[in-house]
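Working notes for the structure below.
Derivation of every value follows stated rules applied to the coordinates shown; laboratory data play no part. Since the model is a prediction, treat every value here as computed from it, not as a measurement. When we count neighbours, we look across all protein chains shown, and the Cβ atoms used for this are built from the backbone with ideal geometry, even at glycine.
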Amino acid sequence: MKKTLRQWLIDIPVLLFGTALVAFGLVMFTVPNDIAPGGVSGLATALTHATGVLTVGSWSLLLNVPLAALAWWKLGFRPLCKTLLATALLSVLIDVFALFVPPYTNNPLLAACFGGAAMGVGLGALFSRGISTGGTDLLSMLLHRLFPNLTLSRLLLCADALVVVFAVIVFGNVEVALYSFVTIFLTTKAIDGVMQGMDYAKVIHVVTERGEELLKTLTEEMGRGVTAMTARGGYTGRDKQVLMIVTHRREFAQTLGIIKRIDPDAFLTVTNATEVHGEGFKQ
């Protein structure tokens with residue numbers, strides 16, 4: 001019970017921030033420039049232009065209702081609770097922001113870039129807490145059950161592509177597709193940046209002849225676990241140790257300094273780890 005309450009206390013601010021940022025990106029940048037950023041939001045933008053009857057927020061809500069109902073029936077209420085809340089909140093915020101957020105229409109390319117970045121950061125924050133905004137995410141989850149051989153990312157890409165094609169037909173302008181794909185690309189990159197940036201770490205492999213001393217110093221000064229492996233130099237034939245150290249970005253320079261201090265001749269390779277699970281990282 002306490003754990004669930006604590007999760008909700010974290011999820012609610014993230015939900016408000018994420019949906020507000022997505023709504024802001026839509027209202028200020030993409031909708032005024034007739035850019036369809038894929039998904040239900042892009043479809044709602046095209047339908048608003050085609051019909052002139054309802055707002056983007058209203059169309060988003062209408063399109064999400066049957067998808068949410070079908071997902072509720074197939075997947076159950078519990079896993080969809082926060083997603084349904086985010087879907088409703090986003091639809092409301094789109095219409096509320098439209099009342100006072102000034103549209104940017106000076107440069108469609110800049111609008112596509114900043115709109116994609118804003119929506120990506122918002123969606124990344126939501127996804128990091130396991131929250132979706134419904135729409136094609138729900139559709140992809142349902143289709144994935146019917147076609148398990150197709151990945152969710154591929155199904156999402158197909159859905160977004162269909163939305164962009166529909167928008168081109170509605171707006172009668174091929175440039176809509178170009179700007180829309182720019183938005184979709186930057187949204188995806190921003191989502192990856194937010195989600196992976198939270199767990200971004202460096203993996204250092206050190207080939208050294210002073211393994212024991214280096215291992216002891218790293219453990220004492222950094223408080224980090226080190227994995228030691230025995231190896232032999234292919235050219236020299238001498239026995240060496242390979243140490244693997246996983247460290248946060250903020251600790252990387254200090255770790256590198258210790259390695260250079262203990263063994264200036266050590267051979268190092270450094271790679272990025274986008275997600276790390278275990279002691280000292282995500283549990």
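The gain in end-to-end length when the T269 to R6 segment is fully stretched comes to 90.7 nm, 0.36 nm per residue minus the alpha carbon separation.
Counting other Cβ atoms within 10 Å as a rough exposure proxy, the listed residues C113, C158 run C158, C113 from fewest neighbours to most. This ranking places T183, T255, T105 by how few other beta-carbon atoms lie within 10 Å of each, fewest first, which gives T105, T255, T183.
Normalised by the residues of the range 25-121, what does the relative contact order come to in percent, with Cα pairs under 8 Å and at least six apart?
Values: 90 pairs, mean separation 44.7, N = 97.
After rounding, I find 46 percent.
Among L62, L156, the order by Cβ neighbours within 10 angstrom, fewest to most, reads L62, L156. Spatially, the range 66-128 and the range 222-243 are offset by 49 Å when compared through their Cα centroids.
Going by average Cβ density within 10 Å per residue, which order do the peptides 209-219, 160-170 take, highest to lowest? Before the final figure, lay out the partial values.
Details: 209-219: 16.6, 160-170: 18.7.
Descending packing order for the listed peptides: 160-170, 209-219.
In the chain, taking the dipole from charged Cβ atoms about the Cα centre, the farthest positive-side position among V242, L157, A228 is held by A228.
About its Cα centre, how strong a charge dipole does the chain have in debye, to the nearest 20, once Lys and Arg get +1 and Asp and Glu get -1 at the Cβ? Please list the in-between numbers first.
Details: 22 positive and 19 negative charges, 131 e Å.
Using Cβ point charges on Lys, Arg, Asp and Glu, the chain gives about 640 debye.
Can you give the relative contact order of the chain as a percent, counting alpha carbon pairs under 8 Å and 6+ residues apart? Please list the in-between numbers first.
Values: 430 pairs, mean separation 59.2, N = 283.
Averaging sequence separation for qualifying contacts and normalising by length gives 21 percent for the chain.
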